[in-house]
Amino acid sequence: MQNFEMLLLIASSAYIGFFRPINKNLNKLYVIGLLVFVLAIHLVFNGPRWQMIPAYILWIVAFITALIPSERKPSTILRVLKIGGLLILLALSIALPSALPVFDLPQSTGPYTVGTMDIHLELDREEVITADQADTRSLMIKAWYPSNETAGEMDPYVDPAGRQGFAQKYGLAPSMLNYLDKVETNVYRNIQMANETFPVLIFSHGYNSKANGYYALLTELASQGYVIFAINHTYESTGSTFPDGTLKYFDYEYASQIESGTWETMEPVVEAFESRLSFEERHPIVRKGLTTYFVRDMVERWADDIVDVVNELDAWNRAGFFEGKLDLSRVGAFGHSRGGGPAGEALLNDSRIKAAANIDGVQWGQVVDTVFQKPFLFLSADWPEEHEDLNQHAYVNRSTSVFYEGIVLRSGHSNFMDIPFMIPVRALSQAGDIDPDLAMEITRRVVTSFFDKHLKNKAIDLDALSLEYEMLHISIFKTATG
């Protein structure tokens with residue numbers, strides 16, 4: 001809860017609980033004036049939000065009690081009902097603002113401030129998700145870049161399509177997310193880029209998620225001197241807002257269509273793990289699942305999106321906002337969850353990408369049958385022992401360069417996103433029991449250190465991070481198959 005929200009709640013509940021002794025010592029005009037003052041400063045400095053409705057009801061009860069004091073003691077039954085109702089209101093007044101808070105994002109630690117801008121990329125390849133065969137692929141990209149300017153129009157937390165898609169995903173009214181307007185991103189729209197040349201990173205979000213859900217991670221990387229082009233995979237992100245005002249949401253019908261009847265491919269894989277076959281006995285079964293399950297097509301489609309963005313870098317570097325600011329000899333790719341696999345796929349497919357990282361995603365597709373020739377990082381949540389570890393098979397050959405395998409201990413899948421800050425209730429956020437700030441700090445350090453070492457050629461020992469953070473374990477493999 002914000003400070004003045006807490007003050008409003010304390011003032012209202014304290015007066016309701018102790019109104020008789022308070023009325024004996026204070027004139028009711030003072031009490032009314034104090035209640036009005038507390039509400040006013042809350043509305044001025046915090047602004048209203050729907051999560052505070054139970055607290056506003058408590059305030060109304062307190063105000064009426066001060067305005068029309070009663071000297072008669074209610075009957076025992078009525079008193080119990082009143083106390084029960086007020087306790088329920090008090091519980092809701094604490095729970096709602098705490099479960100959906102106006103949260104603070106972790107501050108970036110790099111020497112640059114961060115700017116953002118939206119890029120609309122129209123491609124000439126077919127859009128396979130829509131029924132219209134004439135439809136071509138069209139992407140919205142959110143660029144994050146280093147700047148030396150310290151002020152400007154602050155970037156709002158999540159665009160309209162993202163909010164409405166998120167609300168649709170969880171069965172909420174879009175207006176219930178309006179409180180996100182109060183979140184300070186400390187990222188500024190369309191400010192001037194620093195007059196230097198920077199390495200480039202392409203980012204791929206999780207399934208039915210979007211780039212706006214990764215402010216804590218992407219802002220940090222940009223502040224450390226990277227230009228990041230974060231792709232919103234149209235129809236497979238929560239939503240994209242296009243320049244003409246068109247909003248394109250996650251296509252649930254298409255998702256159901258491509259998944260329908262495919263689980264039989266994975267049933268033998270699950271059975272192989274449950275029956276505790278040896279790695280060697282299990283590997284051909286898992287390999288078949290990794291290369292034939294429907295997600296492989298999605299990984300390849302998203303990897304094509306990454307490569308399409310890389311194809312544009314030269315033109316963007318020749319003219320326009322990024323003219324002369326992109327170091328095209330230092331390009332990397334990374335992604336989270338379902339978006340982590342395409343980063344690895346793109347590393348295999350495109351020689352211009354020099355390093356890649358998969359953050360807690362399964363590496364579906366061709367990797368199991370080949371080997372990375374360039375540096376690769378796989379950073380994982382701390383999954384339980386019974387979790388089917390498909391990546392131990394997908395990455396069996398690792399890399400002829402260097403392969404990093406990291407685990408953030410006691411973390412969950414959402415700890416690599418902003419979700420634990422946005423919804424600080426573990427049962428809802430699916431985060432681990434690690435402190436969310438610590439989990440994000442570790443993630444930012446590992447990912448930044450990896451790209452600093454392999455794109456900026458800094459002398460960094462990633463293994464030393466395991467000594468710095470008790471909640472981090474990193475293994476380093478410097479030859480293929482480890």
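If you scan segment 267-303, which residues turn out to be on the phi < 0 side of the Ramachandran plot and of a type in the set (Lys, Arg)?
Kept after step one, since they are on the phi < 0 side of the Ramachandran plot, are these residues of segment 267-303: 267-275, 277-303.
Within segment 267-303, ARG282, ARG287, LYS288, ARG296, ARG301 qualify.
For segment 176-187, indicate whether the set of residues that are at pLDDT 95 or above, in contact with a Gly (Cβ under 8 Å, 6 or more places away or on another chain) and closer than 30 Å to VAL128 by Cβ is non-empty.
Checked segment 176-187: no residue is at pLDDT 95 or above, in contact with a Gly (Cβ under 8 Å, 6 or more places away or on another chain) and closer than 30 Å to VAL128 by Cβ.
Exactly one of these conditions fails for LYS453: (1) surrounded by fewer than 22 Cβ atoms within 10 Å (Cβ to Cβ); (2) farther than 23 Å from LYS354 by Cβ; (3) not polar (S, T, N, Q). Give me its number.
Condition not satisfied by LYS453: (2).
Does LEU201 qualify as being modelled with pLDDT under 95, of a type in the set (A, V, I, L, M) and either in contact with a Gly (Cβ under 8 Å, 6 or more places away or on another chain) or not in a helix (DSSP H, G or I) (or both)?
Answer is no for this residue.
Go through the residues of segment 43-59 one by one and say whether even a single one is modelled with pLDDT of 85 or more, more than 43 Å from the chain's Cα centre (by Cα), under 23 Å from ASN23 (Cβ atoms) and surrounded by 15 or more Cβ atoms within 10 Å (Cβ to Cβ).
No.
Any residue in segment 76-92 that is in contact (Cβ under 8 Å) with a residue 60 or more places away in the chain sitting within a Cβ distance under 7 Å of a residue that is surrounded by 11 or more Cβ atoms within 10 Å (Cβ to Cβ) and of a type in the set (A, V, I, L, M)? List the pairs, counting only those 6 or more apart or interchain.
Hits for this filter: LEU86/ILE16; LEU90/LEU58.
With (1) surrounded by 23 or more Cβ atoms within 10 Å (Cβ to Cβ); (2) modelled with pLDDT under 95 as the list, and THR443 as the residue in question, which single condition is left unmet?
Every listed condition holds for THR443 apart from (2).
Determine the pairs where a residue that is at negative phi and outside the structural domain of GLU153 (by TED's automatic domain parsing), located within segment 185-211, has a partner that is crowded, with 24+ Cβ neighbours inside 10 Å and charged (D, E, K, R) with Cβ atoms under 9 Å apart, the partner being 6 or more residues away or on another chain.
Short answer, once both residue conditions are applied: none.
Looking at segment 258-298, which of its residues are basic (Lys, Arg) and under 25 Å from TYR235 (Cβ atoms)? Let's see the steps before the verdict.
Taking segment 258-298 and keeping what is basic (Lys, Arg), we get 276, 282, 287-288, 296.
Residue satisfying the conditions is ARG296 alone.
Just give me the residues in segment 337-371 being buried (at least 22 other Cβ atoms within 10 Å of the Cβ) and acidic (Asp, Glu), in sequence order.
GLU345, ASP360
Within segment 228-262, how many residues are charged (D, E, K, R) and not in a helix (DSSP H, G or I)?
Of segment 228-262, the ones charged (D, E, K, R) are 236, 244, 248, 251, 253, 259.
Adding the requirement that they be not in a helix (DSSP H, G or I) leaves 236, 244, 248, 251.
Residues flagged as charged (D, E, K, R) and not in a helix (DSSP H, G or I) within segment 228-262 amount to 4.
Where in segment 304-409 are there strands (runs of 3 or more DSSP E), lying wholly inside it, with at least 2 residues that are more than 22 Å from the chain's Cα centre (by Cα), among the charged types (D, E, K, R) and assigned by TED's automatic domain parsing to the domain that holds GLU236? Steps first, please.
Numbers: elements: 326-336, 353-359, 376-380, 403-408.
Passing ranges, in order: 326-336.
Among residues belonging to segment 108-136 that are of a type in the set (Ser, Thr, Tyr) and not in a loop (DSSP other than H, G, I, E, B), point out the one that is farthest from the chain's Cα centre (by Cα). Before the answer, list the steps.
Applying the first criterion (of a type in the set (Ser, Thr, Tyr)) to segment 108-136 yields 108-109, 112-113, 116, 130, 136.
Those left that are additionally not in a loop (DSSP other than H, G, I, E, B): 113, 116, 136.
Working: THR113: 20, THR116: 16, THR136: 28 Å.
For segment 108-136, the residue satisfying everything is THR136.
Looking for something surrounded by 20 or more Cβ atoms within 10 Å (Cβ to Cβ), within 28 Å of ASN457 (Cβ to Cβ) and among the small types (Gly, Ala, Ser) - is there at least one such residue anywhere in segment 115-136?
The answer is yes; a qualifying residue exists.
In contact with a strand residue (DSSP E or B) (Cβ under 8 Å, 6 or more places away or on another chain), of a type in the set (A, V, I, L, M, F, W, C) and either touching a residue at least 60 places away in the same chain (Cβ under 8 Å) or not in a loop (DSSP other than H, G, I, E, B) (or both): is that true of LEU139 in this structure? Full working, then the answer.
Working: in contact with a strand residue (DSSP E or B) (Cβ under 8 Å, 6 or more places away or on another chain): yes; of a type in the set (A, V, I, L, M, F, W, C): yes; either touching a residue at least 60 places away in the same chain (Cβ under 8 Å) or not in a loop (DSSP other than H, G, I, E, B) (or both): yes.
Here the answer is yes, as LEU139 does meet what is asked.
For GLY225, are the conditions met, namely being exposed (fewer than 15 other Cβ atoms within 10 Å of the Cβ) and in a loop (DSSP other than H, G, I, E, B)?
Details: exposed (fewer than 15 other Cβ atoms within 10 Å of the Cβ): no; in a loop (DSSP other than H, G, I, E, B): yes.
Against the criterion (exposed (fewer than 15 other Cβ atoms within 10 Å of the Cβ) and in a loop (DSSP other than H, G, I, E, B)), GLY225 does not qualify.
The values are calculated or read from the model by the stated rules, or taken from the named source; none is laboratory data. Just so it is clear, the structure is predicted and the values come from calculations on it, not from any experiment. Quick reminder, even Gly has a Cβ in these numbers, built from the backbone with ideal geometry, and neighbours come from all protein chains shown.
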